[in-house]
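What follows is one structure encoded as structure tokens, with my remarks underneath.
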Amino acid sequence: MDERKILLSEKELPSAWYNILPDLPEQLPPPLDPRTGKPVEPQVLLAIFPESLLKQEMSPETWIEIPEEIKSIYKIWRPTPLHRATSLEKFLKTPARIYFKNESVSPPGSHKPNTAVAQAYYNKKEGVKRLCTETGAGQWGSALAFACNLFGLECVVYMVRVSYQQKPYRRILMQTWNASIYPSPSENTNYGRKLLKENPEHPGSLGIAISEAIEDTVSSHGTKYSLGSVLNHVLLHQTIVGLETQKQLSLIGEKPDVLVGCVGGGSNFAGLVLPFVRDKIKGNSNVDVIGVEPTACPTMTKGPYRYDYGDTSGMTPLLKMLTLGHDFVPPGIHAGGLRYHGLAPIISLLIDKKIIRAVAVPQTKAFEAAMTFARTEGFVPAPETSHAIRVVIDEAKKCAETGESKCIVFNFSGHGHFDLSAYDAYLQGKLQDYEYPEEKIKEALEKLPKF
């Protein structure tokens, strides 16, 4: 078998998603009702999510079967290839063996449709007519637009304003798949109008876009809300990435020593690593699992493990997670998908228990790594993915210094074809690094709920 591109057949597509909840070292803290401080009642969540996804959110089952209707759509692009980055290895003069799972081959160009297709399917099955969501860089919005179009659902997307301006081609892609797009904060909701009145040039944030999408959802008939990261059922659907990777590595007799993924809310990272983390929790592996975030939004490396709202206006239940505070508004870096104030509760718990670790890198260093990768391997990564590549290169360089021949695997979570304006800014020397000020973080954390 050619190690440069390890493929699986359609028959080898995983038949079930992996649910890590039963295997966690301790029970995940429940979502809380902000009014009472007690675990939120299911009927509150039914106002915004379909019942089937809420069951997955709290399921005690280790394996959840993938319906045939979803598998038939997955087969448009899945199983995805696992590549060995031999040209990058040669350039770095490293004994490390570097592999990347190529999720950019999906129609929207990222890992996001793994859960978008599933969420659209379950909503359609329960009679939902319209889905509302938010998006940062536009990868999630385009994935949900793609999925809704396949199932005949109306799709409404609130896109973080700074990304809406930076990435017009992602907006066009969503519109191509019949979605309606609003730059957030928008004039379409009460909360958006309030923020624009205070600051007409407001850059927006994922937390604000979530607030607008939820406000739209609860005020519109036949509508449910769809989230592209953070929640348990989203991470569940993404485990198809890691399950395929395990099969592909076994075909060539490899086991990872290091796993790397970029982290915003945590979905692509979790999708790759959770099937491997299962073995680590059980004591059958000592794999080094590294999540990478921007220094401009240091949720994992500087945020406390606290209960907080998932949105800015306080419409969501409280989640126990690493957070920079729901009022956090990050700088307008080009990695729009990594600008969320919070982190998936599952990933937050695993970091708190030191089962996985986190690294923050500045955007110029991420783009430097992206250029190296594009010029050696040919694939142009998304700005988000470039953060993972930065750490992969750093780990491979350590191997060159020590002589260790480690197996390093990372998730190539999306391509950068719609992010060339960011590459242009980098090539012209216009990109700036942001180290989010400690005092700003402290200010945001002072407003955390007192539970």
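Can you compute the charge dipole magnitude of the stretch 1-44 about its Cα centre, using +1 on each Lys and Arg Cβ and -1 on each Asp and Glu Cβ, nothing else charged? Give it in debye, rounded to the nearest 20. All intermediate terms of the calculation are to be shown ahead of the outcome.
Values: 5 positive and 8 negative charges, 33 e Å.
In total the dipole reaches around 160 debye.
5 Å is the cut-off here: which amide hydrogens, built 1.01 Å from N in the peptide plane, fall below it relative to Ile98, excluding neighbours closer than 5 in sequence?
Amide H neighbours of Ile98: Ala85, Ile408.
Work through the residues other than Ser184 whose Cβ is under 13 Å from its Cβ and net out their charges, Lys, Arg +1 and Asp, Glu -1.
Summing Lys/Arg as +1 and Asp/Glu as -1 gives -1.
Evaluate the Kirkwood expression for the hydrodynamic radius of the stretch 107-262, namely the inverse of the mean inverse distance over all pairs of different C-alpha atoms, and round to one decimal in Å. Please list the in-between numbers first.
Working: mean 1/r = 0.0612 Å⁻¹.
One decimal place: 16.3 Å for the Kirkwood radius.
I need the semi-axes of the equivalent ellipsoid of the chain: take the C-alpha gyration tensor, multiply each eigenvalue by 5, square-root it, list largest first in whole angstrom. All intermediate terms of the calculation are to be shown ahead of the outcome.
Details: eigenvalues 191, 122, 98 Å².
One finds semi-axes of 31, 25, 22 Å for the chain.
Give me the percent of DSSP beta bridges within the stretch 64-161 that run antiparallel, rounded to the nearest 5. Intermediate results must be reported in sequence, preceding the final value.
Numbers: 3 of 9 bridges.
Approximately 35 percent, going by the DSSP bridge assignments.
Using the C-alpha atoms of the stretch 29-92, what convex hull volume per residue, in cubic angstrom, is computed?
Details: hull volume 13.7 nm³, N = 64.
Cα convex hull per residue, to the nearest whole number: 214 Å³.
So which cysteines of the chain have no other cysteine's Cβ under 4.7 Å from theirs?
Taking the Cβ cut-off of 4.7 Å, the unpaired cysteines of the chain are Cys132, Cys262, Cys297, Cys399, Cys407.
For the stretch 31-154, what value does the Rg/Rh ratio take when both radii are computed over Cα atoms and Rh is the Kirkwood radius, given to two decimals? Could you put the intermediate results ahead of the total?
Working: Rg = 18.8 Å, Rh = 17.2 Å.
When Rh is taken as the Kirkwood radius, the ratio is 1.09.
Per DSSP H run of n ≥ 4, the term is -39500 (n - 2.57); total these for the chain, divide by its residue number, and report the mean residue ellipticity at 222 nm rounded to 500 deg cm²/dmol.
Working: 18 runs with 186 residues, N = 451.
About -12000 deg cm²/dmol.
First select every other residue whose beta carbon is under 9 angstrom from the beta carbon of Tyr158; then total the charges, Lys and Arg +1, Asp and Glu -1.
Working: positive: none; negative: Glu134, Glu212, Asp216.
After counting each charged neighbour, the total is -3.
Please list, or write none, the lysines whose alpha carbon is within less than 19 Å of the alpha carbon of Lys430, excluding same-chain residues fewer than 8 places away.
Lys167, Lys365
Could you give each residue of the stretch 297-309 its phi-based ³J(HN,Hα) in whole Hz, using Karplus coefficients 6.51, -1.76, 1.60 with θ = phi - 60°, and x for Gly or Pro?
9, x, 4, 6, 8, 10, x, x, 8, 9, 6, 7, 6
Return the subset of Lys224/Lys320; Lys197/Lys442; Lys124/Lys280 for which the Cα-Cα distance in this structure is over 30 Å, preserving the input order.
Among Lys224/Lys320; Lys197/Lys442; Lys124/Lys280, the Cα-Cα distance tops 30 Å for Lys124/Lys280.
Report, please, the projected area of the stretch 218-330 averaged over directions, based on the convex hull of its C-alpha atoms, in nm². Let's see the in-between values first.
Working: hull surface 36.5 nm².
Computing the convex hull of the Cα atoms and averaging its projections yields 9.1 nm².
Equivalent ellipsoid semi-axes for the stretch 186-279, as square roots of 5 times the alpha carbon gyration tensor eigenvalues: give them largest first, rounded to whole Å.
Details: eigenvalues 304, 48, 12 Å².
Gyration-tensor ellipsoid for the stretch 186-279: 39, 15, 8 Å.
What Kirkwood hydrodynamic radius, in Å, does the stretch 17-61 give when the mean of 1/r is taken over all pairs of distinct Cα atoms and then inverted? Walk me through the intermediate numbers first.
Working: mean 1/r = 0.0842 Å⁻¹.
This gives a value of 11.9 Å.
Could you name the lysines whose alpha carbon sits less than 25 Å from that of Lys11, not counting residues in the same chain fewer than 8 places away?
Lys71, Lys75, Lys101, Lys112, Lys247, Lys255
Near Lys38, which aspartates and glutamates are there with a Cα under 15 Å away, not counting those fewer than 8 places off in the same chain?
The reachable aspartates and glutamates, counting only those whose Cα sits under 15 Å from Lys38, are Asp308.
Over the chain, calculate the relative contact order: mean separation of alpha carbon pairs under 8 Å at least 6 apart, over the residue count, as a percent.
19 percent
Based on the alpha-carbon set only, what is the convex hull volume of the stretch 338-451 divided per residue, in Å³?
Numbers: hull volume 18.2 nm³, N = 114.
That works out to 160 Å³ per residue.
So, counting K/R as plus one and D/E as minus one, what does the shell of residues with Cβ under 13 Å around Ala209 add up to? Don't jump to the answer; show the numbers that get you there.
Working: positive: Arg161, Arg339; negative: Glu134, Glu212, Glu215, Asp216, Asp311.
Net charge around Ala209: -3.
Scan the stretch 190-278 for GluC sites (Glu not before Pro) in coil per DSSP, keeping those whose Cβ has at most 12 other Cβ atoms within 10 Å, and list them by number. Please report the intermediate quantities before stating the final value.
Numbers: sites: Glu198, Glu201, Glu212, Glu215, Glu244, Glu254; in loops: Glu201, Glu254.
Passing sites in the stretch 190-278 are Glu201.
Rule-based calculations on the coordinates, nothing more; no lab input. Bear in mind the structure is a predicted one, so any value in this text is a computation, not a measurement. Positions of Cβ are backbone-derived with ideal geometry, glycine not excepted, and every protein chain shown enters the neighbour counts.
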